[in-house]
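Bear in mind that the values in this text are calculations on the coordinates, not laboratory data. The shown structure was predicted, so the numbers you read here are calculated from the model rather than taken from an experiment. In this analysis, Cβ positions are derived from the backbone assuming ideal geometry, glycine residues included, and neighbour counts consider all displayed protein chains.
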Amino acid sequence: YAGAENGLFTISIAQDSLIPVPLSFPIAINRLIVARDSLYILDETGTLYSTGDLSHFAIQGLTAAAGSIVTAIAPDRNGGIVMGSDTNGVAFPVADSIFANLFPPGPISMELHSLSFATSTDKLYVTNSLSGFGIFSPQTDAWQNFPSGVNGTPTADYYKVLYDSIRNVLWLSTYGSPLFQLQ
């Protein structure tokens, strides 16, 4: 699946075009992830759509509960999702409510652009724009921060993060700079 400002798409069998997936509601997709047997779609307003069959969707507005616009989602270690917001840091759902700042103090900035949880390392990787990026380890309950332009970390606007479990490498994309790889 691929998400775009004008909806959800699949790749054609010939792999030469995108085919729209008919949904019963219009959606501008910000992020989408698969966790266990569900597809999670985050729209540009911070509303989360989840489905296991593409026919029935659970819809949850996250922005009001998180206290700021939810900008990123990633699977968490328990099969749910963890969320990042534009001003209030990391949040997670518990029952029917969301608690901001799940992880202890230490994210380099409360402004999060992207999240990636790697089950192979049991770590959460986050990008924090011009502030840098960070890694949270649930086992030690601690952050390792990498401030932009400090101690060998390239000066950049850290935008997207992806942990590549096949190569055991953390990939970081930066706005206006080349792709950065941390091994």
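Values computed for the structure shown
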{"quantity": "Placed amide H near SER114: partners under 5 Å, 5+ positions off or other chain", "calculated": "THR127"}
{"quantity": "Rounded FRET efficiency, nearest 0.05, which uses the C-beta distance separating ARG77 from SER55 and R0 of 35 Å", "calculated": "0.75"}
{"quantity": "Protection proxy ranking of 76-83, 31-38 - average other beta-carbon atoms within 10 Å, highest first", "calculated": "76-83, 31-38"}
{"quantity": "Residues of segment 134-172 with amide N under 18 Å of a point placed 7 Å along Cα→Cβ from ASP122", "calculated": "135-144, 165"}
{"quantity": "Calculated [θ] (222 nm, deg cm²/dmol) that DSSP helices of n ≥ 4 give over the chain, each run adding -39,500 (n - 2.57)", "calculated": "-500 deg cm²/dmol"}
{"quantity": "Kirkwood Rh in Å, taken over the chain so that all alpha-carbon pairs contribute", "calculated": "17.1 Å"}
{"quantity": "Highest average packing first - 160-171, 15-26, Cβ atoms within 10 Å", "calculated": "160-171, 15-26"}
